[in-house]
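One structure is given below, encoded as structure tokens.
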Amino acid sequence: MTPDDFSLKAVSERIRGGQSSSGQTVSLFLDRIARAESRIQAWTTVDSDGALGQAEVLDREAAEGRYRGPLHGVPVGIKDIFSTRGLRTTMGSPLFKNNVPDHDAAVVERLREAGAIILGKTATTEFAALDPGPTRNPWNPEHTPGGSSSGSAAAVAAGMCPGATGSQTAGSIGRPAAFCGIVGLMPTASRISREGVFPNSWSLDHVGAFGRSVDDVAMMTSAMSSRPLRHDPAIAATEIRVGVVREFFHENTDTEAWELHEQLIDRLKGAGPKVEELSLPDTFPNAIAALRTIMRVELAAAHAELHAQHRADYGPILRGLVESGLLISATQYLRARRLRRIYQKEMGQLFTRCDVILSPGARGPAPSGLGSTGDPTISAPWTLADFPTLSLPIALVKDDLPVGIQLSAQRLDEGRLLKIGRWFEQWVGFAELPEIYH
């Protein structure tokens, strides 16, 4: 089997075409977990018996010609802040090490309805914040995989599952996708329900997906979505309008990653799309400060009771975020929320001149060491704007670590974003894999 055979789309097609059963597919990925997990530590819980049992049920249904949906029999990983009925959900915290919910998060329920098999729970940073978890980067285990969706991204990158769920409050889908060399999608917040997902910041949290390809994350998003996801036909290069932003992103991107980004733009200008440089609105310089204020206040509110009872059990970064949030006044919080509304309106006007905005995928490749999950700054402007954002790998740099790009579209315009993303994916042609994948 080739690496492409492990994509979510390919797995789905093999099961639907009868070339493989759900049971065989689950066994294949369980074997890959057994071989790679000790080095990567991407999973909190692997539900081998439950996954194999569910595969038997789905194989019987397939034999009778009954398919629940496009993910029938496809195993997926679930980030460990999503409630799973009868399966441990720890939030990455010792406080919840024995927590077994009696219900599924809305996303998990939708995935089951689409035929997906829950392979297990992927590791997250503590309460999806910034204190690093145990997971390592499949490209180089001495480097971070990013966070907070660290286990989901690493599991997909290492070929331990074809797709996984993630969440983002600032950069927790975009950064791990870029660091791990895979595709990630943060949809518009209202597209996917957050019911049953432990909150970080209720006005900033987004639920999304990881996969090996744009088609993979499109299938995951369609299955998870509470709104129909439009499936657009392929697009010609000459029909694509790309906006490029250099201010802010240049100063927040490492030299080598920025040079690759500029080279990509130069190549893009000769490939057919219309490329136009954009200027950021007047509210942009205050955007990151507004996001941090909103996030801290809402995080503190979500954790107020738990933190008061278990302060010593919190990691140092999360504890600092909660306690600083408790000191922010209601006036400051409301000003930040008001600024966000103005910012969203002004940023949305950029799309009168383009279909997508191109930006670097992260500050650079995954930093060395496991004491940090990396800088989320590059992704934060799109999270605050609530623009659906697709992360794509483009190249390898020093130490054979991947770097990526982000494509952001207008709110609820995921159909066009995915269509343009498929064109970029084919045009860039990134096909590298970490050694551990083989």
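The values are calculated or read from the model by the stated rules, or taken from the named source; none is laboratory data. Source: prediction; values computed, not measured. Quick reminder, even Gly has a Cβ in these numbers, built from the backbone with ideal geometry, and neighbours come from all protein chains shown. Protein only, heavy atoms only, side chains kept; ligands, DNA and RNA dropped before computing areas. Shrake-Rupley method; radii C 1.70, N 1.55, O 1.52, S 1.80 Å.
At a glance:
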{"quantity": "All positions within region 398-438 that are among the β-branched types (Val, Ile, Thr) and modelled with pLDDT under 95", "calculated": "ILE436"}
{"quantity": "Qualifying residue in region 136-159 (condition: among the charged types (D, E, K, R), closer than 30 Å to THR377 by Cα and open to solvent by less than 10 Å² (accessible area, probe 1.4 Å))", "calculated": "no"}
{"quantity": "Residues of region 318-337 satisfying the condition of being open to solvent by 60 Å² or more (accessible area, probe 1.4 Å), farther than 21 Å from PRO285 by Cα and in contact with a helix residue (DSSP H, G or I) (Cβ under 8 Å, 6 or more places away or on another chain)", "calculated": "LEU326"}
{"quantity": "Strands (runs of 3 or more DSSP E) enclosed by region 179-280 - at least 2 residues per element that are open to solvent by 20 Å² or more (accessible area, probe 1.4 Å) and at pLDDT 95 or above", "calculated": "274-277"}
{"quantity": "Filter result for VAL297 (touching a Phe, Trp or Tyr at 6+ places or on another chain (Cβ under 9 Å), of a type in the set (A, V, I, L, M) and open to solvent by less than 40 Å² (accessible area, probe 1.4 Å))", "calculated": "yes"}
{"quantity": "So PRO162, is it touching a Phe, Trp or Tyr at 6+ places or on another chain (Cβ under 7 Å), open to solvent by less than 10 Å² (accessible area, probe 1.4 Å) and of a type outside the set (Asp, Glu)", "calculated": "yes"}
{"quantity": "Odd one out for ARG340, checked against (1) in a loop (DSSP other than H, G, I, E, B); (2) open to solvent by less than 30 Å² (accessible area, probe 1.4 Å); (3) of a type in the set (D, E, K, R)", "calculated": "(1)"}
{"quantity": "GLU305 among the acidic types (Asp, Glu), modelled with pLDDT of 95 or more and under 27 Å from the mean Cα position of the chain (by Cα)", "calculated": "no"}
{"quantity": "Selection from region 91-143 of residues that are small (Gly, Ala, Ser), out of contact with any strand residue (DSSP E or B) (no Cβ under 7 Å at 6 or more places or on another chain) and under 30 Å from GLY69 (Cα atoms)", "calculated": "ALA106, ALA114, GLY115"}
{"quantity": "Given (1) under 12 Å from the mean Cα position of the chain (by Cα); (2) outside any loop (DSSP other than H, G, I, E, B); (3) not basic (Lys, Arg), number of the condition GLY146 does not satisfy", "calculated": "(2)"}
{"quantity": "Pairs with Cβ under 9 Å, 6+ apart, first in region 396-413 and over 20 Å from ALA153 (Cα atoms), second among the aromatic types (Phe, Trp, Tyr)", "calculated": "ALA409/PHE351; ALA409/PHE387; GLN410/PHE351; GLN410/PHE387; ARG411/PHE387; ASP413/PHE351; ASP413/PHE387"}
{"quantity": "Meets criteria (touching a residue at least 40 places away in the same chain (Cβ under 8 Å), open to solvent by 10 Å² or more (accessible area, probe 1.4 Å) and not in a loop (DSSP other than H, G, I, E, B)) for SER167", "calculated": "yes"}
{"quantity": "Criterion (in contact (Cβ under 8 Å) with a residue 24 or more places away in the chain and either surrounded by fewer than 24 Cβ atoms within 10 Å (Cβ to Cβ) or among the β-branched types (Val, Ile, Thr) (or both)) met by exactly one of LEU130, LEU119", "calculated": "LEU130"}
{"quantity": "Residue match in region 367-374 (condition: open to solvent by less than 10 Å² (accessible area, probe 1.4 Å), part of a strand (DSSP E or B) and among the hydroxyl-bearing types (Ser, Thr, Tyr))", "calculated": "no"}
{"quantity": "Residues of region 244-292 classified as touching an Asp or Glu at 6+ places or on another chain (Cβ under 9 Å) and either among the small types (Gly, Ala, Ser) or more than 22 Å from ARG353 (Cα to Cα) (or both), total", "calculated": "3"}
{"quantity": "Selected residue (only one of TRP202, TRP139 is aromatic (Phe, Trp, Tyr) and in contact with a Gly (Cβ under 9 Å, 6 or more places away or on another chain))", "calculated": "TRP139"}
